[in-house]
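K.L.:
Quick one: the structure is below, questions incoming.
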Amino acid sequence: MPEKADILNRVRSALSSALPMEPDFTPEHIECDDEGVLILKGEVQSVKAKKLALEAVAALPEVSGIVDRLRVTPASPMGDAEIRAHLRDAFAQEPGFAALEIAERGGNTLTLFKGAPTGPLGRIEIEVDNGVVILNGRVPGLDSKRLAGVLAWWVPGTRDVINGLVEPLGDDTPGMLQEAVRIVLDKDPFVNAPQIRVGAKGRVVRLTGLVSSDAERAMAERDAWYVFGVDDVINEIEVGA
């Protein structure tokens with residue numbers, strides 16, 4: 001095992017190479033234990049930056065595990081109570097969750113705020129801690145888990161999403177990932193989804209098509225990055241009238 005100082009230098013170098021879009025990024029805290037487990041704490045500007053940073057560090061052979069404490073700068077600072085209110089509305093109104101119970105956890109108390117009309121097929125438990133949304137419970141499929149994570153990321157005050165929802169074991173294919181991104185784009189009112197084509201190879205999503213503004217192009221890419229399981233997004237969407 002290399003010296004800890006050498007490992008930390010390699011981690012910093014990997015982060016610098018992985019985040020050229022964030023030249024001023026400096027981790028608030030990096031620590032490595034004797035087993036090669038890295039604790040990484042800091043703030044980045046986007047989910048894209050967070051995922052690329054974690055992927056770059058995980059690729060180092062000296063790193064055996066990562067304690068992820070990277071947080072994303074929120075689009076609009078919110079307190080936990082306000083974030084919970086947004087999440088309650090979003091999850092309760094989501095048609096795809098009609099057969100699920102939705103509950104909110106605060107400390108040791110679990111409060112059910114949406115039941116299922118004909119017997120639940122699962123339950124999503126929501127918790128918010130200093131802007132970090134924690135999702136637990138059991139859902140009927142990976143599509144539900146992915147949608148729940150995106151809905152949490154869509155709340156402007158969210159700094160991170162820890163998606164601990166459990167779904168039945170099964171294969172996860174590029175086609176499933178492609179369909180998940182497609183569903184998210186269809187649900188985003190700020191994106192003209194029919195104008196965008198989605199492809200997936202492995203864990204990489206490719207977006208093509210034509211939209212009317214740079215803002216819409218960027219939003220479509222962010223939506224893809226929000227999806228659980230996406231490791232990279234190739235944005236080839238064109239902007240035109």
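K.L.:
Just the residues that are in contact with a strand residue (DSSP E or B) (Cβ under 8 Å, 6 or more places away or on another chain) and more than 15 Å from I83 (Cβ to Cβ), please, taken from segment 126-159. Let's see the steps before the verdict.
P.N.:
First, the residues of segment 126-159 that are in contact with a strand residue (DSSP E or B) (Cβ under 8 Å, 6 or more places away or on another chain): 126-128, 131-140, 144-145, 148-149, 152-153, 155, 158-159.
Within segment 126-159, N136, G137, R138, V139, P140, S144, K145 qualify.
K.L.:
Shifting gears a bit: Residues to consider are G157, G175, G170; find the one that is of a type in the set (G, A, S) and under 16 Å from the mean Cα position of the chain (by Cα).
P.N.:
Numbers: G175 fails: under 16 Å from the mean Cα position of the chain (by Cα); G170 fails: under 16 Å from the mean Cα position of the chain (by Cα).
After ruling out the rest, the residue left standing is G157.
K.L.:
A follow-up question, please. Of the residues F113, F91, only one is in a strand (DSSP E or B) and in the same structural domain as P140 (by TED's automatic domain parsing); which? Lay out the reasoning, then the answer.
P.N.:
Details: F91 fails: in a strand (DSSP E or B).
Just one listed residue meets the conditions, F113.
K.L.:
Mind listing just one residue for me: the one in segment 75-88 that is part of a helix (DSSP H, G or I) and over 19 Å from the mean Cα position of the chain (by Cα) and, of those, surrounded by the fewest Cβ atoms within 10 Å (Cβ to Cβ)? So that I can check it myself, show each step before the final result.
P.N.:
We begin by selecting, within segment 75-88, every residue part of a helix (DSSP H, G or I); these are 80-88.
Those still in the list that are over 19 Å from the mean Cα position of the chain (by Cα) too: 81-82, 85.
Working: A81: 9, E82: 15, A85: 14.
Filtering first and then ranking leaves A81.
K.L.:
State all residues of segment 167-214 that are without any contact (Cβ under 8 Å) to a residue 40 or more places away in the chain and closer than 14 Å to E238 by Cβ; if no residue qualifies, say none.
P.N.:
N192, Q195, R197, R206, L207, T208, G209, L210, V211, S212, S213, D214
K.L.:
Can you find, within segment 12-25, the residue that is surrounded by the fewest Cβ atoms within 10 Å (Cβ to Cβ) among those that are over 26 Å from T158 (Cβ atoms) and more than 22 Å from the chain's Cα centre (by Cα)?
P.N.:
S13
K.L.:
Going through segment 148-191 one residue at a time, which ones are outside the structural domain of D223 (by TED's automatic domain parsing) and closer than 26 Å to S212 by Cβ?
P.N.:
V150, L151, W153, W154, V155, P156
K.L.:
Among the residues of segment 101-137, which ones are crowded, with 18+ Cβ neighbours inside 10 Å and closer than 13 Å to V166 by Cα?
P.N.:
G122, R123, I124, E125, L135, G137
The values are calculated or read from the model by the stated rules, or taken from the named source; none is laboratory data. Quantities reported herein were computed from a predicted structural model and do not represent experimental measurements. Glycine also receives a Cβ, built like all others from the backbone with ideal geometry; neighbour counts cover every protein chain displayed.
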